[in-house]
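Taking it in order: structure first as structure tokens, then the write-up.
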Amino acid sequence: SVNAVAVTEDGKRAISGSYDNTLKVWDLTNGKEQFTLNGHTSSVNAVAVTEDGKWAISGSYDNTLKVWDLTTRKKQFTLKGHSSSVNAVAVTADGKRAISGSDDNTLKVWDLLSGNVMASFTGESPIACCAIAPDGVTIVAGDESGRVYFLRLEGVEELT
């Protein structure tokens, strides 16, 4: 099954994440597959793409996130820190941070330049979805029990 999709800002490509542990990059002008990204060891549950269309970030049942360079078609690095399946991923408009939600009840904010966790929040239930506002500091997340969390990063400059 296909578990997640994202479309580049320019509308030229789609990236799909699947139960077969892969991501596929599709050309939206002709509907054909351009290439496949391999590296996860379990189902890909979530995918996001940077606004410039250069990087894709995927979350997997293997408890990791992977950052992919869509130009070179290679994995840049792996983000480790969740202790259970990663269900959701979002990326800031400037492409410098990613947010991930997991079955371990945590939401993590990642610095994509260093690969480090900038902040972590623990919810009451597994985090099922997340989004980040255009300001780059307001985060909204939903958990499996029906709660919606409104979070704000402190000590981080808003994007203007």
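Would it be correct to say that LYS80 is surrounded by fewer than 17 Cβ atoms within 10 Å (Cβ to Cβ) and modelled with pLDDT of 95 or more? In short, yes.
Within segment 124-140, how many residues are surrounded by 18 or more Cβ atoms within 10 Å (Cβ to Cβ), more than 15 Å from ASN45 (Cβ to Cβ) and either in contact with a Leu (Cβ under 7 Å, 6 or more places away or on another chain) or at pLDDT below 95 (or both)? Final tally of qualifying residues: 3.
Scan segment 103-116 for residues that are closer than 17 Å to ARG152 by Cβ and among the aliphatic types (A, V, I, L, M) and jot them down. LEU107, VAL109, listed by residue number.
Counting the residues of segment 119-152 that are closer than 21 Å to VAL49 by Cβ, hydrophobic (A, V, I, L, M, F, W, C) and touching a strand residue (DSSP E or B) at 6+ places or on another chain (Cβ under 7 Å) gives 10. With respect to SER60, is the statement that it is under 15 Å from ALA4 (Cα atoms) and in contact with a His (Cβ under 7 Å, 6 or more places away or on another chain) true? Yes: the conditions hold for SER60. When only residues in segment 95-117 that are more than 14 Å from the chain's Cα centre (by Cα) and surrounded by fewer than 17 Cβ atoms within 10 Å (Cβ to Cβ) count, which is modelled with the lowest pLDDT? Result: LEU113.
Take segment 83-94 and flag every residue that is of a type outside the set (Val, Ile, Thr) and under 13 Å from the mean Cα position of the chain (by Cα). Can you show your working first?
Here is the first cut: in segment 83-94, the ones of a type outside the set (Val, Ile, Thr) are 83-85, 87-88, 90, 93-94.
The answer is SER85, ASN87, ALA88, ALA90, ALA93.
The values are calculated or read from the model by the stated rules, or taken from the named source; none is laboratory data. If you're wondering where the values come from, they're calculated on a predicted model, not measured in any experiment. Note that each Cβ is placed from the backbone with ideal geometry, even for glycine, and that neighbours are counted across all protein chains shown.
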